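The values are calculated or read from the model by the stated rules, or taken from the named source; none is laboratory data. What you see is a predicted model, and the numbers here were worked out from it, not measured in a lab. Here Cβ is always computed from backbone atoms with ideal geometry, including for glycine, and neighbour counts include all displayed protein chains.
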Amino acid sequence: MEQVIYKKSDFYYDLPEELIAQTPAEPRDSSRLLVYDRASKTQQDRIFRDIVEYLHPGDVLVVNNTKVIPARMFALTEHGGLVEVLLLKRYDLNTWEVLMKPGKKGKVGVTMKVNDELSFTVKDITESGERVVQFSYEGTFEDILSRVGTMPLPPYIKEKLKDQSRYNTVYSQVDGSAAAPTAGLHFTKELLDRLREKGVITTEVLLHVGLGTFRPVKEDIITDHKMHAEYYRVTPQAAEIINAAKREGRRVVAVGTTSVRTLESAANADGTVRAEEGDTQIFLYPPYKMKCVDALVTNFHLPESTLIMLVACLTGREEILNVYQSAVQKKYRFFSFGDAMLIQ
């Protein structure tokens with residue numbers, strides 16, 4: 001059977017701008033939830049906290065415990081020009097890979113000043129144009145960053161975030177992300193407790209969200225797109241919990257596309273996962289069949305993004321576009337602070 005080669009435009013859908021959520025739902029679990037059943041191709045419209053009804057005792061809910069850092073800052077060049085810097089990936093204590101705008105000001109050897117406490121020198125330029133910089137400071141980098149950095153909200157969110165903690169999940173722990181794993185933003189501690197009381201097992205994996213997750217696809221043929229490497233980790237404890245579920249025929253429910261990418265990066269052919277850590281550049285698009293993930297909690301993603309392509313691996317391309325069209329008609333809220341979807 002001939003494999004279909006998809007174009008970027010095959011994953012386009014029309015989204016009215018007013019459906020792009022500007023602020024998070026309050027409380028977190030009051031957002032809407034579109035439940036999509038793959039077997040019957042049916043949809044139900046619920047509230048996120050109703051997810052308790054759809055998860056079964058023995059299901060393993062896999063969350064990404066990364067924490068978004070205030071990764072966005074501005075620096076002055078020696079000639080007084082302003083440069084925006086987004087921290088992407090930490091190499092060692094003082095060295096980071098960063099996205100710099102405008103990039104042309106970030107020549108190797110140039111030193112820039114963030115404030116009196118913090119400056120950096122450009123040491124290298126990566127193949128894809130990011131800068132490797134070495135920071136100079138006195139004291140603790142994290143403390144300084146908390147004062148000079150801001151939360152790196154996506155460009156389509158125009159409103160200022162009143163409470164910075166709303167761009168992190170309630171279970172975020174490990175500093176290192178330049179963007180939130182947004183499907184997890186809907187969970188409250190109380191909702192997670194209710195799920196555990198029902199017999200749902202929760203476990204944590206880690207993927208530091210960087211450019212790989214949100215960089216747009218520029219190439220027309222999607223297989224030409226190269227993912228940016230992101231650090232991930234599956235602990236022996238998480239692998240044990242997930243593998244027991246796979247052996248016993250219980251579902252593995254991933255919260256967010258970053259959890260999917262972590263699990264599928266570590267997955268064996270039989271659906272079990274390896275305890276491992278490293279960088280992943282995994283790019284999931286149809287007709288890829290998930291090895292480990294049985295169900296997915298996710299937000300509604302940008303047209304032509306790697307994220308909608310990933311979700312289409314579970315449903316098929318045409319079906320996900322039908323569901324998205326339906327969500328547009330029902331005025332669901334889209335993207336990072338938008339509503340959620342359960343694909344089972």
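Of all residue pairs spaced 6 or more apart or on separate chains, none has beta-carbon atoms under 7 Å together with a first member in region 49-66 that is not assigned by TED's automatic domain parsing to the domain that holds GLY176 and a second member that is surrounded by fewer than 21 Cβ atoms within 10 Å (Cβ to Cβ) and part of a helix (DSSP H, G or I).
Within region 1-16, restricting attention to residues that are charged (D, E, K, R) and in a loop (DSSP other than H, G, I, E, B), which residue is surrounded by the most Cβ atoms within 10 Å (Cβ to Cβ)? By that ranking, first place goes to ASP14.
Restricted to region 48-106, and to residues there that are among the aromatic types (Phe, Trp, Tyr) and either assigned to a strand (DSSP E or B) or within 21 Å of the chain's Cα centre (by Cα) (or both), the residue that is modelled with the lowest pLDDT is TYR91.
Would you call GLU142 in contact (Cβ under 8 Å) with a residue 12 or more places away in the chain, surrounded by fewer than 17 Cβ atoms within 10 Å (Cβ to Cβ) and in a helix (DSSP H, G or I)? Here the answer is yes, as GLU142 does meet what is asked.
Here is a yes/no grid of residues against (1) of a type outside the set (D, E, K, R); (2) over 28 Å from GLU219 (Cα atoms); (3) in contact (Cβ under 8 Å) with a residue 12 or more places away in the chain:
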{"residue": "THR280", "(1), (2), (3)": "yes, no, yes"}
{"residue": "CYS292", "(1), (2), (3)": "yes, yes, yes"}
{"residue": "ALA295", "(1), (2), (3)": "yes, yes, yes"}
{"residue": "LEU302", "(1), (2), (3)": "yes, no, yes"}
{"residue": "CYS313", "(1), (2), (3)": "yes, no, yes"}
{"residue": "ARG317", "(1), (2), (3)": "no, no, yes"}
{"residue": "LEU321", "(1), (2), (3)": "yes, no, yes"}
{"residue": "ALA327", "(1), (2), (3)": "yes, no, yes"}
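The listed residues are LEU61, LEU19, LEU33, LEU76, and the only one of them that is in contact with a helix residue (DSSP H, G or I) (Cβ under 6 Å, 6 or more places away or on another chain), surrounded by 14 or more Cβ atoms within 10 Å (Cβ to Cβ) and of a type outside the set (Asp, Glu) turns out to be LEU33. Only a single criterion out of (1) surrounded by 15 or more Cβ atoms within 10 Å (Cβ to Cβ); (2) modelled with pLDDT under 95; (3) under 27 Å from the mean Cα position of the chain (by Cα) is not satisfied by GLY129, namely (1). Does THR306 count as touching a His at 6+ places or on another chain (Cβ under 8 Å), of a type in the set (Ser, Thr, Tyr) and modelled with pLDDT of 95 or more? Here the answer is yes, as THR306 does meet what is asked. Applying a threshold of 6 Å to beta carbon distances and a minimum spacing of six or more residues, or different chains, the list of pairs starting in region 100-114 at a residue that is farther than 13 Å from MET73 by Cα and exposed (fewer than 14 other Cβ atoms within 10 Å of the Cβ) and ending at one that is at pLDDT 95 or above and hydrophobic (A, V, I, L, M, F, W, C) reads VAL108/VAL122.
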